[in-house]
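Here's the structure we're looking at; comments come further down.
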Amino acid sequence: MLLRDILEFNTIKTPDATAVAFADDRSLCFAELNRRSLRLANGLAALGQPGDGVAILADNCPEYVECYYAVPAARQRLVFLNYRLTPKELIRIVNDSQARVLLYRSAFAAVVEQMRPELTTVKQYACIGDATAADPDYETLLADLETPPFAGEDDDRDVAWLIYTSGTTGMPKGAMLSHRNLIFSAMNSLATFASSVPEPRYLMPFPMCHIAGYAILTQHLRGVPVYLMQQFEPRAWLDMVQRHRITGTALAPTMINMVLNHPDLDRFDTSSLDNIGYGASSIPAEVLRRAMTRFGNVFSQGFGMTELAGNVLFMDRDTHMRAAAGDTHLLGAAGRRGALAAVRIVDESFNDCPFGVAGEIIVKGDQVLTGYWQRPDAEAEAFHDGWFRTGDMARLDEEGFVYIVDRKKDMIISGGENVYPREVEEVLYRHPAVAEVAVFGVSDENWGERVTAAIVARAGEQVAEAELTELCRSELAGYKRPRAWHFVEAIPKNVSGKILKRSLRERFDPAGTEGAAG
């Protein structure tokens, strides 16, 4: 099965049903989205050849959805560019991807002008929105043909999307995701979560340059209309939920926290919501409790990453209900494996860990990435006997629930003891004045690493270091307690809402360039 088959199926079944709607009231039905995607595919095929890279620099828009389907239909690679990166970072990614076409939203024209002199492989530019003097309008790329340009020749093993990893632990790598990877990822989600809502409507708040965009494929497989937010903002999210009677959406834990802390939260009617999926990073149990109190039993969880083309662990609403009814330990779980991927937790020798013992999550299945773009060294490090190493530490219980302990690379080793930041963060979130917290390690002459915490206080509140110290003293072993506290206005995050602990280490590590000021 190919990505374009999703649109073809819906065009036959419900051609006039809404496929995508945007904040400016633009919308496309499935038949029109299919026609425009095929026209773009033919235009791109005429410009290049199979295997070419087509990069896109844009925030969320209907044209981005067209590219999701059109570029792979042209047997080319859609290269996702994170619009929050600097021009220098974008240049490195575009050149590394060897993209021959660069599509961009007019809002990013100035960024493209900075990049242009250093882009070594791009031969064709096109602007989405207002045409610029430098480049033709995106619409000029759409050919008159509305048939698949490579029907019968394309293969589900062709690379469809090239997404560079978020780089939370280093230089991004290009994860090659095939049609097969993406279809199986969407099917794994569908096999796990079912909805009986009469008129489902899905709100997409995540940036489409992130793997979370696979949710659009998942919804389109069900024939569900997708409403796009140009960029996430909590009040705008609440407004769209109320105005469009949204039934399903997904948020990162940091987004949920922002919505819960918004002063206008209770002015909006969110009763239409039937499901709020969350993922991208672990959620503090206290934040989830508050969210369930406000929104009810509408939460489900997915755990995955770019290299897995989406999620492989899932926790449904029934499990959340169990947690609310008294099985509170389940609030710390990431869920159980989906039906279409194999998941293990192993020790350093790749032996399965006993129940309750932490090890690394490894995954095998059709949704695991094809490989890393021109990085055989990274592939060799990431795979072991066909199993993908996620780098996430977790433990398994007797019911099959997986509990994320922490990122393997974020684990702190202090005085020879392993400290998992998430455990410390869970304790600190219990303080009523703490809005956000990130725990990380900095170098220490005596202990190797020192446990350090960055704290964001709730609006109008103050947090005393002594109170946090006492809270940790009552809950944590001595070696797990933070030895340094930094009260900050915001905690750095990437485009998907993941906390950038590397940035915090660089800022506050005495061995780093900026010292410990802050």
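Some notes on this structure:
- Cα gyration tensor shape for the stretch 317-368, rounded if a/c is under 1.5, else prolate or oblate: oblate
- Out-of-range pairs (alpha-carbon distance over 28 Å; input Lys123/Lys173; Lys409/Lys480; Lys173/Lys364; Lys13/Lys123; Lys173/Lys480; Lys13/Lys364): Lys13/Lys123; Lys173/Lys480; Lys13/Lys364
- If R0 is taken as 25 Å, the Cβ-Cβ distance between Lys13 and Leu145 corresponds to a FRET efficiency of 0.60.
- In plain terms, the residue of Glu307, Glu399 with the fewest other Cβ atoms within 10 Å comes first and the most crowded comes last, giving Glu399, Glu307.
- Computed [θ] at 222 nm, helices only, for the chain once each DSSP H run of length n ≥ 4 contributes -39500 (n - 2.57): -9000 deg cm²/dmol
- Loop GluC sites (Glu not before Pro), the stretch 137-207, which have at most 10 other Cβ atoms in a 10 Å radius of their Cβ (DSSP): Glu153
- Evaluated with a Cβ-only charge set (Lys, Arg +1; Asp, Glu -1), the stretch 182-408 carries a dipole of roughly 660 debye about its Cα centre, given to the nearest 20.
- Full-stretch length increase - Glu467, Asp130 - with 0.36 nm per residue and alpha-carbon distance subtracted: 115.9 nm
- Answer label for Cα Rg over 2.2 N^0.38 Å (calculated), chosen among [x] 0.97; [y] 1.24; [z] 1.93: [x]
- Residues of the stretch 426-453 with amide N under 19 Å of the 7 Å Cα→Cβ point at Leu260: 426-439
- Helix 30-47 vs. the chain, principal-axis angle (Cα, 0 to 90°, nearest 10): 80
- If R0 equals 30 Å, the separation of the Cβ atoms of Arg502 and Asn446 corresponds to a calculated FRET efficiency of about 0.80.
- Full-stretch length increase - Asp239, Ala459 - with 0.36 nm per residue and alpha-carbon distance subtracted: 77.0 nm
- The stretch 194-259-the stretch 19-51 distance, computed between alpha-carbon centres (Å): 21
- Tilt relative to the chain, helix 87-97 - C-alpha long axis, 0 to 90 degrees, to 10: 60
- Cα shape, the stretch 370-500, gyration tensor, a/c 1.5 rule: prolate
- Neighbour cut-off at most 16 other Cβ (10 Å), DSSP loop, trypsin sites (Lys or Arg not before Pro), the stretch 25-107: Arg26, Arg84
- Cα gyration tensor category, rounded, prolate or oblate, for the stretch 1-103 with a/c compared to 1.5: oblate
- Amide proton proximity set for Leu57, modelled H, under 5 Å, gap of 5+: Leu103, Tyr104, Arg105
- Each of Ile12, Ile216 was scored by other Cβ atoms within 10 Å of its Cβ. Listed from fewest to most, they are Ile12, Ile216.
- The ranking of Leu500, Leu313 from fewest to most other beta carbons within 10 Å of each one's beta carbon is Leu500, Leu313.
- Potential extension, Ala107-Arg322 segment - 0.36 nm per residue separation minus Cα distance: 72.8 nm
Laboratory data are not the source of any read-out in this text; all were calculated from the coordinates shown. Keep in mind that what you see is a predicted model, and the values were worked out from it rather than measured. Heads up, the Cβs are rebuilt from the backbone with ideal geometry, glycines too, and the neighbour counts pull from every protein chain shown.
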